[in-house]
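Notes to accompany the following structure.
The values are calculated or read from the model by the stated rules, or taken from the named source; none is laboratory data. Note that the structure is a prediction, hence the values are computed from the model and not measured. Note that each Cβ is placed from the backbone with ideal geometry, even for glycine, and that neighbours are counted across all protein chains shown. What goes into the accessible areas is simple: the full protein's heavy atoms, side chains included, and nothing from ligands, DNA or RNA. Shrake-Rupley method; radii C 1.70, N 1.55, O 1.52, S 1.80 Å.
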Amino acid sequence: APQNSPSFASRGRLVFDMASDGSSGKVLQHLTFSSQIDVALWSNLASQKLHSMRLSSDPVPLWGCYSPAPPPARGRDPSAAPPTPVARFCVERTALEEAFVAPEASSVAAPGTVTVVNTLEEFKETDKKAFLDAAGTRILADIESGAAVKDPSLLSRFAMLVFSDLK
């Protein structure tokens with residue numbers, strides 16, 4: 001393989017050859033992805049819905065962050081295969097603040113929106129495919145306009161659709 005060219009190896013791993021003869025390489029693997037939302041965010045979102053958003057179902061900007069997570073503990077069996085590392089996506093309690101700061105040095109901020117609908121019926125009737133397509137269209141527009149070159153975090157946009165029964 002030519003130097004630094006990717007080639008597929010067994011089990012879906014992508015190997016980048018570091019030497020021209022292909023004798024050594026680094027393995028690029030897909031990481032398991034997990035996500036979590038800080039419980040305190042729901043309280044902050046409920047307060048914002050009651051006091052400022054009210055009956056509006058317009059998307060509201062918020063922030064999330066991606067970070068590597070340590071692999072789960074291996075247990076006591078020394079012959080067991082090493083654990084698979086995971087990638088983590090978090091939406092922290094401060095996600096609604098304009099001056100969001102990623103909580104860890106290894107985290108990468110990701111802009112997003114949350115759309116809070118007012119009724120369970122509205123939530124059920126929302127076309128989820130169209131909702132996701134709109135999020136994808138925003139990412140594509142950022143790529144085509146060059147905005148994603150200036151701010152790569154735009155490639156990590158996310159969208160949340162939420163119904164909150166605040167009665």
Could you order peptides 130-137, 59-66, 111-118 by the average number of other Cβ atoms within 10 Å of their residues, highest first? 59-66, 111-118, 130-137
So the FRET efficiency between Lys167 and Glu144, C-beta based with R0 = 45 Å and rounded to 0.05, is 0.55
Excluding residues fewer than 8 positions from Lys150 in its own chain, the lysines with Cα under 26 Å of it are none
List the residues, sorted by chain then number, that are 5 or more residues from Met160 or on another chain and whose placed amide H is less than 5 Å from its amide H. Thr113, Val114, Thr115
Taking the Cα centre of the range 87-134 as origin, sum charge times position over the Cβ atoms of Lys and Arg (+1) and Asp and Glu (-1), and report the length of that vector in debye to the nearest 20. 200 debye
Extension gain from Arg93 to Glu122, taking 0.36 nm per residue of separation minus the Cα-Cα distance: 7.9 nm
Taking a cut-off of 27 Å between Cα atoms, list the lysines near Lys49, but don't count ones fewer than 8 places away on the same chain. Lys124, Lys128, Lys129, Lys167
Tell me, what HN-Hα J-couplings in whole Hz come from the Karplus equation 6.51 cos²θ - 1.76 cosθ + 1.60 at θ = phi - 60° for each residue of the range 125-134, using x for Gly and Pro? 7, 5, 6, 5, 5, 5, 4, 5, 4, 5
Using a 1.4 angstrom probe with every protein chain in place, what is the largest-first accessible-area order of Val162, Val149? Val149, Val162
